[in-house]
Structure formats: C-alpha cells, structure tokens
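What follows is calculated from the coordinates using simple rules that are stated; it is not laboratory data. As the structure is a prediction and not an experimental result, all values here were calculated from the model. Here the Cβ positions follow ideal geometry from the backbone for every residue, glycine too, while neighbour counts run over all protein chains shown.
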Amino acid sequence: MTGTEIQVDGTSVAVPEGASLLAAVRAAGSDLPALCSDDRLSPAGSCRTCLVRAAGQTVAACVTPAAPGVHVETATDDLRQLRREAVEVIASALPPRALADGNPGELAEACRSMGIGPDTAQGAGGRGGDDSHPYVHLDRDLCIACGRCVRMCAEVQGTFALTLVGRGADTVVAPGTGGPWAESDCVACGGCVDTCPTGALTEPGPARGLTSAHRPPATRTTCGYCGVGCALDVVTAGGEITTVLPARDGPVNQGHACVKGRFAHGYITSPERLTRPLLRRDGRLEPVSWDEALGHVARGLRAAVAAGGPESVAAISSARATNEENYLVQKFMRAVIGTNNVDNCSRLCHSPSAAGLTASFGLSGGTDSFDDVERSDCLLVVGANPVEAHPVVGARLLRRVLHGAELVVADPRAVGLAAHADVHLRPRPGTNVALFHGLAHVLLAEGLTDEAFLRERATGLPELTELLADYPPDRVADITGVPAADLIAAARLYGGARSPAIVYGLGVTEHLHGTDGVRTLANLAILRGAVGTDRGHGVNPLRGQNNVQGASDMGALPDLLPGYGKVTDPAARARAEAVWGVPVPERPGLRIPDMFAAARAGRLRALWVIGEDVCATDPDANKVAEALRACPLVVCSELFLSETARRADVVLPVASWLEKDGTFVNFDRRFQRVRPAVPPPGEARSDFDVVHAVASAMDADLGCPTPAAALVECGRVAPLFAGLSHNRLDREGAVPWPCRDPGRPGEAKLHRDRFATADGRAHLAAAPYLPPGEHPDDDYPLILVTGRRWAHYNSGSMTRRGANLALDPVDLLDLHPGDAHRYAVRDGEPVTVESRHGRARLIARVGEQTAPGQVFCSFHFPTSGVNRLTSHHADTVTSCPEYKVTAVRVVVT
C-alpha cells in the first residue's frame, strides 16, 4: 500500500494513503480525544475534540486527510485550550455520574487527562433509559449524540436498527422502530456498546462500561460457536468471566462479533453443567469417581473388542473440540482400538463439500481467503443465510455490497442478504443441480467463459458441454421454478464480473445429491477461470460449527487420516505408522449413519459420542434413539445432560471452549489459538485429558502429552500441517493451511500453480440433475427446510442456558400466508408438523420469507422434535442427510 509521509510536532511519520491526520497523530505517539471517532467507522468530525493545526488552519484531525508533506501541530497552548473547551461543553450537559471516579468511558478518561473535574458535569438528567434488552442497556442522560452507535449498526453490522431522535440538546440514540430496545431489529452484536464513549450504552452486570477500546487484561481466544473464527478477548475476575469482547485486531472479525460470541457465555456457570462422571446403575445415572467411570469404559471397550473385534467399537468425534482433541480421538481409535470407525458431524453438514471440492480441485477446503472474497466485485451466495448463521461474515458481505459489489443470492427463502440482492433466485428445494447447470448453460452460450483457462488448466469440458445442451433456461425454469429471465440475469452478472466469488452453505450440501451440487457449483468458477487465478476468488463453503473444518483436517473420518491421506493408500498409512508405531487398519470404517444401523443390527457393541447431541441433531431421530438403546455400551462426553447423554451408560463431564487449550480451524482454513480463560467446573476435564485417561485405563500410551505436542505430531503425519505449531500461532495469530514449512507462510489462496488433483487440472462435473428423495403429495403437501436462526446455535445446549433464550424463546415454524389460510393456521398458534417419519410441535409464524408450499424451522429446541421429522435419505456419495427436503403437513393443535 502506498504511504504518505507527514510531520507531526516535528516528528516524521508514514501512514497509509488515504489515512486521516488523526491516524498520523496517533502513529506519532500522541493521543487526542476523538469522541465521535472509531477507526472501524467512517469519520464524522462532529465533536471537534481532536482539533489540530495543519498548513496553518485549525481542523478536526479525524476528517482531514493526511496530505504528503503537511506539517501538523497538536501541542500548542491554544490548541490544547480549544480541545479542552470542546470536551467541557460536551461534559457540562451530562449528569455528574458521567465523570464519576472509575468510569472507564472515553469521555471520562479524556476529562481526567485534561484535568477537567467531575463538577463540570452539571446536566439535570431525567431523560430515563431502556433496560428492556438482556444485553444492551441505554442511559439516555449519558448520550452525547455522537452517532458512533448508529454508524456501527449501519456500517459494520449492517442491521440499521438505530437512529438519532430529538433536536438540539435533546438528541439521543433510539431503536429505529420506536418502542423498547428488546422489540427492535437489534441483533445484539454488541457493536454499539463497544463503541459508546460515555457509557450511555452498556452491557449490564460487572462488565458495565467496558468497551473494545478500553479494557483490562484479557485472555485472547477463538470463538467456539460457528465456523467464522472470531478472535475474542475474555475478561475475567476471581476466576469468572465478566465479559467477552471482540478483538480489534481479529484476523476475521476485525473488532466485531455476534450475539453468541459476544454475550452467550452464561452457560459456563449454569447449574446444569455436568461436574462429575455419571454411571448408569439399575437404569439410573449416578455420580461416580473418575476412576470408576474410566474403569467401566475400559472394561466395556475390551469386552466389545473381545466379542466382536475392533470393528464393534466406534467413536463420533466433535466439531466443537479442538484440533488436538480430534487428532487424539482418531489416534486412539486407530492405534489403540484398531479400527477406522471414527467420524464427526461434518458427515451431517459439509461432507459433500469435502468430497465435491476434492473431486473438482484436489483439496477439501475452500479455495480462497475471506479477505480475498470480500474484494470481489460480484458475490454469488448460494444456500446460505450468513446474516443469521454466520453474522460477522454476513455483515462483511453486506458491507461489500453496499460499497458497490453486485450480489446474486440463490436460496428458497427471502432472508438476510436476499433483500439486498441484484438478483434473487428462489429454486424449489432439491433442484440445485439443475439451477447450476442452467447458469453454466448461459455462461457457455453467451461466451462468458475463460477459454484459455479451460484449455490449459481444466478437463471435462466436452462432456459438460454435451450435458448442458439439455439445460436451457426454459427447461431449468420448469424444474426449479426460477424464471428464465432471472437465471439469465444472474449468469450475466457472474459471468461478466471482473473478479467473482462463490460463497455457499448447507443449502447446497444437505441433499440427496449434495456432492453433485458442490461439484456443479464449482463448475461455474472453473468455467469463469475464477479459481486459482487473480480473475476470481473461487468457491468457499461457510462451515457451521466452530471446528468442523479442523475435525476433518485432523482425520476424524472413517476413510481419511490426518491431512486427508486415504486409509487405503499404503503411503499415507506408512506415514502414520512411522509416527504411531503400530499398524493402521486399511479398510475404511463406519460413517455415522452406518454406526447407528450397525448398533440396531447388534454389530456395534460400543459407541463413544463426544460433544454431539445426536438424538437432537441427527436425522430420523427416533431411529437414532433406537440405536443407542440397542448398543451395549454408550459413552457420552458432554457439558450438559443432553438428550443423548440421558441415554448413555457413562457420561463424562468435559470442558467448554472457554476452558481449554489448543487450536481451531475456521471456514477459510485458518489455524487459530484457543486458550483457557477460566477453569472447568468441578471435576470436568478437557476432552484431551479424557482421551488420554481412557487410553491409560486400557494400558495404552498415546504420547503427545500436551496439545502443543499433539499439533506437532500431527504435522509429522500430515505434510499439509508440518509448518504449524502453537508457538508460531502465538506469534502470528492465524496461519492458513496448507502450511508445509515452519519458515514459510501458509497458502491463503489455493491452486495458483496447479490443482491438487492427480493430473493437476480442475475437473468439470457432468452430473445430471436427479430429483430429491422426497416429494410432496396429497397427504404431505408441504416441503420442510431446516436451518439456523440468529440467536441460537446447533442444538441450543449453550445458547438456551442464558439470556439468548429471552431473544428467541420458542421454536417457530415459518409458513407463507397463502398456506396459513389454506390450512387454517393463525400466526402465533401451536401447530403439529407431521412427516412420514415422525411429528413435532412448533409455534406458527406467518410471513413472506418462505415461498408457497414450503415451511422452515430450526433445530435449536430438541424438545420440539424437529429431527424426528427428517428422513433417512442421504447424499449418495457421503451419507450427508437430506435435511433440506422433507414432505410434511401442518395440523392445528
């Protein structure tokens, strides 16, 4: 980036081109009050507290660009007096408590630094406040109408929930909808609290007044909710968390967060936390010592192996656990038990991404960094609602769109980014492959492809061209319900962009033909030459859980070792065997659905479920419960007594992400550190320690005694990770894989020189459209789609144990007004949803977000029974469940 050099009080400083004088002054080591300024926001220049003299003129430093060669003065007596007077005027209108001792706000600190006493604050107060929201409290008497909160909500979060109301001295921030804060459009990202300079907006409780710019010492860690990978600073006192603040220098979040990472840590101290091991006796779970619990597990595992061989034991590892814990689990299963029967929840969400991206490009990760994606001039967002499911990514994408990028959204629902799309494609659920072929057809027909790239770096074009002849826009419109004109318009936007990017979610993968969906979506980037080049930013999946990428990277999969070496590949097995010192089984193990089928059939005799509530999140939940009843030994490692834990024979209490050490990998392949901020409660242990303890109870030594040692050992097994270590991440913050050498950077953008396929080329997929597994009929006339909502996470075990429950208290069924009228459903009334597989009870919400003939709900409330509705149908390549297409009917109850 080109720099600008200027003089500040006689000191020469260089700042980036376009920087303000305020940035230059701070670079010179001086500090000025700037009560309307936040470096995350556009400048306002309204408070006049940062006055300096530049080129002979007195100006507000925050809004004045740093021009080359300019001489800036800040320290003259007259400038100090001008700034002091500006601060005094602002402070004088506030009540005395605004400047009380101990107030950490920027205004109070500025007054203390200038010698302005508390008696300056003479405001009468009496304007009241708003304490209706569980996480954001408003004290109107302390509002100085600086507008920082309004700009934060608009420019960073993109919710536009706040405004300034009133006139003159009575101007104050308020929700844009009028009414109480809790009933507004606020999504509780906390940005307004973090930026407020006076304490007018605060987080209640012991964190009152702390902001992201003024904070006590904290523990830097990585969020344990979704796969975005936000860096967070956890502030503690007396061994308890007082607040969690977004890291201003966070590689992905850049000083921003969502309601879950910022506020949803109340579960840590929930009285429902498991603090002692539980053992089932006479049909009841009873507290026991760790020695007794571990002894029972070890005896049960030995008995299972003795009765049915190693293949009678299986483990479901955890996308919520660290990389090091996942590495240890798969090593335990392979090196101690002697089986490849290990899987993780990516089976249920992004296993089609791994299979599809590997088939197309040779590696299972997203192709580009999110920083590159954000620089795209055309975004194609498919089957994802990042505004709710990945709010920080959603906010950054929206910001890019508001700054001029074109946006195409392909999603059956009119949610999130769809309101800002240039073209919104609303395909019928289950018709993605036809939709993507229709877009590809237009790219080819209108010459919007990169012929040189296709000739030099791709294969499969003749076969795809022949197939696409059967997918003209009119036929695709008949299949998908997307008007041909919209299809053509979307293809032209993507095809005509200088640097397009594709971002997609579970709406692509969780289908009967999810892998085909990923591959045919990847076709679009290949046709455009927009992957592995500077002419685009590839294909990028948004991962659901915090470490679903890392769990797979570490080899917690039945057919793949750490670093994606195939268990059937002698060379990959040899690398692992050289490190572990034992043979590695060569036959692929059981996938999660196969584990349950084997348990029901009596072939699986022991199952260890780590950090997953399979009874709540897996499809056809009645069959899952049947499998757990049939399995002689079920071990569950959990935070709470979940639906799965209630059915276990042994329950082991474990630490949460705020209580453990290690690393996560986020959705764009960045390794980041996880550090314990508080100790786990009672006798709870980290999953890392638990796996070691179980191995020890079986007289086995897994080596790698610390998480740091485990990551180093993983790098010896998997060349993709050989350059990674805790020490390096402590220094650098975030490093993407592949990272093969400790002296070289990781590869943020993949496939620059060649693709990782055997022939070095990208592979186009000529996969025909095939219909979904279920169809509506007279008995079940509606299609159910499941997904996430903004306030909760996964099965809700953490977010429902805190104030998030006040923001989203019940499980809702969204349905179109026409369907509500047709089936006599009124908004807000209880309904029963029935499928061919089960039933669930929900609360109806009538609105235009869903299309006629479709309904939507989340799976955050296990007692609703949503996953009793979903079918056994699964992706034909990976066994990922078809969560997005279930035929249902709605009955008023």
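Net charge around residue 284, counting only other residues with Cβ within less than 14 Å of its Cβ (Lys, Arg = +1; Asp, Glu = -1)?
On the way: positive: 280, 281, 646, 647; negative: 282, 286, 649.
Cβ neighbours under 14 Å give a net charge of +1.
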Item checked: Summed side-chain charge close to residue 417 - residues other than residue 417 whose Cβ falls under 15 Å, Lys, Arg +1, Asp, Glu -1 -> +1
Check: Cα extents of the chain along the three principal axes, largest first, in whole Å?
Finding: 87, 69, 64
Check: Put +1 on the Cβ of every Lys and Arg and -1 on every Asp and Glu Cβ in the chain; which of 746, 243, 633 then has its Cα farthest towards the positive end of the dipole?
Finding: 633
Item checked: Dipole of the chain, positive direction: furthest Cα of 757, 378, 335, with charges on the beta-carbon -> 335
Next item on the list: Would you mind computing, in nm to one decimal, how far apart the modelled labels at residue 42 and residue 289 are, each placed 7 Å from Cα along Cα→Cβ?
Entry: 6.7 nm
Check: residue 660: which lysines have alpha carbons under 23 Å from its alpha carbon, excluding same-chain residues fewer than 8 sequence positions away?
Finding: 260, 331
Check: Using Cα-only point scatterers and the Debye equation, what is log10 of I(q)/I(0) for the stretch 3-92 at each q in 0.12, 0.16, 0.17, 0.26 Å⁻¹, rounded to two decimals?
Finding: -0.31, -0.56, -0.63, -1.40
Check: Kirkwood Rh, the stretch 432-497, all Cα pairs: how many Å?
Finding: 12.1 Å
Notebook entry, point to check: Taking the Cα centre of the stretch 351-541 as the origin and placing charges on Cβ (Lys, Arg +1; Asp, Glu -1), which of 464, 453, 531 is farthest toward the positive end of the dipole?
Noted result: 531
Item checked: Estimated dipole of the stretch 123-269 in Debye, rounded to 20 [Cβ of Lys and Arg +1, of Asp and Glu -1, Cα centre] -> 260 debye
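With +1 on each Lys and Arg Cβ and -1 on each Asp and Glu Cβ, how big is the dipole of the stretch 804-843 about its Cα centre, in debye rounded to the nearest 20? Write out the running numbers ahead of the final one.
Details: 5 positive and 7 negative charges, 46 e Å.
Dipole about the Cα centre, nearest 20: 220 debye.
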Notebook entry, point to check: Around residue 781, with a cut-off of 13 angstrom between Cβ atoms, what is the net charge of the other residues, counting Lys and Arg +1 and Asp and Glu -1?
Noted result: -3
Next item on the list: On each of the three principal axes of the Cα atoms of the stretch 468-616, give max minus min coordinate, whole Å, ordered largest first.
Entry: 58, 38, 31
Notebook entry, point to check: Considering every Cα-Cα pair within the stretch 231-336, what fraction, in whole percent, is farther apart than 17 Å?
Noted result: 73 percent
Check: What percent of all Cα-Cα pairs in the stretch 123-269 falls in each 10 Å bin, counting up from 0?
Finding: 12, 43, 33, 11, 1
Next item on the list: Express the relative contact order of the stretch 3-92 as a whole percentage, based on alpha carbon pairs under 8 Å and six or more residues apart in sequence.
Entry: 32 percent
Check: On alpha-carbon atoms, Rg over Rh for the stretch 710-782 using Kirkwood Rh?
Finding: 1.32
Next item on the list: On a 0 to 90° scale, report how tilted helix 687-697 is relative to the longest principal axis of the chain, with both axes built from alpha carbons and the result rounded to the nearest 10.
Entry: 40 degrees
Check: the stretch 345-413: percent of C-alpha pairs farther apart than 15 Å?
Finding: 63 percent
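What Kirkwood Rh does the stretch 782-892 have if only Cα atoms enter the pairwise 1/r average? Answer in Å. Intermediate values should be presented prior to the final figure.
Values: mean 1/r = 0.0699 Å⁻¹.
Here the Kirkwood hydrodynamic radius works out to 14.3 Å.
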Note to self: Give me P(r) over the stretch 351-541, computed from all C-alpha to C-alpha distances, binned every 10 Å, as integer percentages.
What the structure shows: 10, 41, 41, 8, 0
Note to self: Give me log10 I(q)/I(0) at q = 0.28 Å⁻¹ for the stretch 218-264, Debye formula, one equal scatterer per alpha-carbon, no solvent.
What the structure shows: -1.01
Note to self: Taking just the alpha carbons, could you work out the radius of gyration and Dmax for the stretch 552-653, both in angstroms?
What the structure shows: 15.5, 43
Margin query: For residue 623, give me every one of the lysines with a C-alpha distance below 24 angstrom, ignoring sequence neighbours fewer than eight places off in its own chain.
Written below: 884
